[in-house]
Amino acid sequence: MYPNGTHRAAAKERLEQAEWESINTKDPAALDGYARQYPDSPHAAEAAADARRISQEAQSAADQRAILDALANFSRAIERKDTALLRAIWPTIPPGKLNDWDSAFKNSRSTRIELHPKSTASINGASATLECSSITQKVFEGAAQVYTTEGIIRVTLRKQGSNWVIDSMR
């Protein structure tokens, strides 16, 4: 009888196949567990590869969301006229650029910027780049007119823990 009987190999193959057919192929932990439990199975390499691919896709999606969060935090800092939040989301902001924003905050009744990514971010390890169309609007004290500028901004970000921060904007 199994595990020492004459049909041991066939029983093992059937067990591995039944396990393979019942596995949740969208769950990287289940796939990885299968590959570890049955390393000699004909499906072991496929399971391990699928587990890696699914995990990488999930990480990429999480990074894309975190990058959009960073852009939203930048816009929020501008709208709130919050230099502390601006520095938190852009730790390497050049002093001249920080002074420009600070001056705009002090001299305007309201300031806002909208950043609209033209595509998903190109992520390379702990750095990412993307191009955004931008719309900046300022209303100055004593004026009713909205001053609007539009353009394209190339944003470079870097990963800091599980978050992304701005490295540069051009």
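The values are calculated or read from the model by the stated rules, or taken from the named source; none is laboratory data. These numbers were taken from a predicted model, which means no experiment stands behind them. Reconstructed Cβ throughout: ideal geometry from the backbone, glycine too, with neighbour counts over all protein chains shown. These area figures cover heavy atoms from the full protein model, side chains too; ligands, DNA and RNA do not enter into them. Shrake-Rupley method; radii C 1.70, N 1.55, O 1.52, S 1.80 Å.
Just a few scattered comments:
- Long-range neighbours under 9 Å by Cβ, at least six apart or interchain, first residue touching a residue at least 24 places away in the same chain (Cβ under 8 Å) within the stretch 146-170, second among the aromatic types (Phe, Trp, Tyr) and in a strand (DSSP E or B): Leu157/Trp164; Arg158/Trp164
- Scanning the stretch 33-58 for residues that are within 30 Å of Leu157 (Cβ to Cβ) and either open to solvent by less than 90 Å² (accessible area, probe 1.4 Å) or in contact with a Leu (Cβ under 7 Å, 6 or more places away or on another chain) (or both) turns up Ala49, Asp50, Ala51, Ile54, Ser55, Ala58.
- Within the stretch 130-162, the set of residues being assigned to a loop (DSSP other than H, G, I, E, B) and of a type in the set (A, V, I, L, M) comprises Ala143, Ala144.
Residue by residue, here is whether (1) open to solvent by less than 30 Å² (accessible area, probe 1.4 Å); (2) aliphatic (A, V, I, L, M); (3) over 19 Å from Asp102 (Cβ atoms); (4) within 25 Å of the chain's Cα centre (by Cα) holds:
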| residue | (1), (2), (3), (4) |
| --- | --- |
| Ala128 | yes, yes, yes, yes |
| Glu131 | no, no, yes, yes |
| Val146 | no, yes, yes, no |
| Ile152 | no, yes, yes, yes |
| Lys159 | no, no, yes, yes |
| Ser162 | no, no, yes, yes |
| Arg170 | no, no, yes, yes |
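- Residue match in the stretch 103-116 (condition: closer than 18 Å to Ser168 by Cβ and open to solvent by less than 30 Å² (accessible area, probe 1.4 Å)): yes
- Ala62 under 16 Å from Leu157 (Cα atoms), among the aliphatic types (A, V, I, L, M) and loosely packed, with under 12 Cβ neighbours inside 10 Å: yes
- Residues of the stretch 86-101 satisfying the condition of being open to solvent by less than 60 Å² (accessible area, probe 1.4 Å) and within 20 Å of Ile135 (Cα to Cα): Leu86, Ile89, Trp90, Ile93, Leu98, Trp101
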